[in-house]
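Notes follow the structure.
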Amino acid sequence: MDTDSHIKSAATALASLGHESRLAVFRLLVRSGPEGLTVSDLLDHLDLPPSTLAHHLRALVAAGLVVQERQGREIYNRPDFGVMTATLTFLTSECCAGVCLTPAAA
């Protein structure tokens, strides 16, 4: 993946997490581990109406942070740890690498 693709993917993931409710949903899914949670489980843990939860889940799925899988009548929601790790790695990969400012830019 080229740098532009990494930037776009990271920006999409971070924008998705930039809403308080979506961040709460994602954090709960991360805590649940790779087995994830059903929509019913999420509703039991979060103070969100079903339609609002569905809206936020769609945004997280579109950003690639959550994967949904139907098993019978239940929809399981799982965090995509690969995407989460890639986003965090993108943010930290150049930590403390230094920045040289030219006198004109300073």
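Just to confirm my numbers, what's the Cα centroid distance between the range 51-82 and the range 1-23 in Å?
16 Å
Would you mind counting up the charge near S16? Only other residues with Cβ under 15 Å from its Cβ, with Lys and Arg at +1 and Asp and Glu at -1.
Values: positive: K8, R22, R27, R58; negative: E20, D80.
Residues near S16 contribute +2 overall.
For the range 1-87, what is the accessible area per residue in Å² when the probe is 1.4 Å?
Working: 5200 Å² over 87 residues.
Spelled out: the 1.4 Å probe surface of the range 1-87, per residue, equals 60 Å².
Rounded to a whole number, what % of the accessible area of the chain do carbon and sulfur atoms account for, probe 1.4 Å? Intermediate results must be reported in sequence, preceding the final value.
Details: 4080 of 7060 Å².
C and S atoms contribute 58 percent here.
Report the charge-dipole magnitude of the chain in Debye, nearest 20, computed about the Cα centre from +1 at each Lys and Arg Cβ and -1 at each Asp and Glu Cβ. It would help to have the intermediate numbers written out before the result.
Numbers: 8 positive and 11 negative charges, 24 e Å.
Magnitude of the dipole: close to 120 debye.
Gain in length, E69 to A11, computed as 0.36 nm per residue apart minus the alpha-carbon separation, to one decimal in nm?
Details: separation 58, 0.36 × 58 = 20.88 nm, distance 2.49 nm.
Result: 18.4 nm gained on full extension.
Given a cut-off of under 8 Å on Cα pairs at least six residues apart, what relative contact order in percent is computed for the range 33-81?
Working: 47 pairs, mean separation 22.9, N = 49.
RCO, the range 33-81: 47 percent.
Do any trypsin sites (Lys or Arg not before Pro) in the chain lie in a DSSP loop with no more than 15 other beta carbon atoms within 10 Å, and if so, which?
Numbers: sites: K8, R22, R27, R31, R58, R70, R73; in loops: R73.
Answer by residue number: R73.
The values are calculated or read from the model by the stated rules, or taken from the named source; none is laboratory data. On a predicted model such as this, the values are computed, not experimentally measured, just so you know. Don't worry about glycine lacking a Cβ; one is built from the backbone with ideal geometry, like all the others, and counts go over all protein chains shown. With ligands, DNA and RNA removed, areas are computed over all heavy atoms of the protein, side chains included. Shrake-Rupley method; radii C 1.70, N 1.55, O 1.52, S 1.80 Å.
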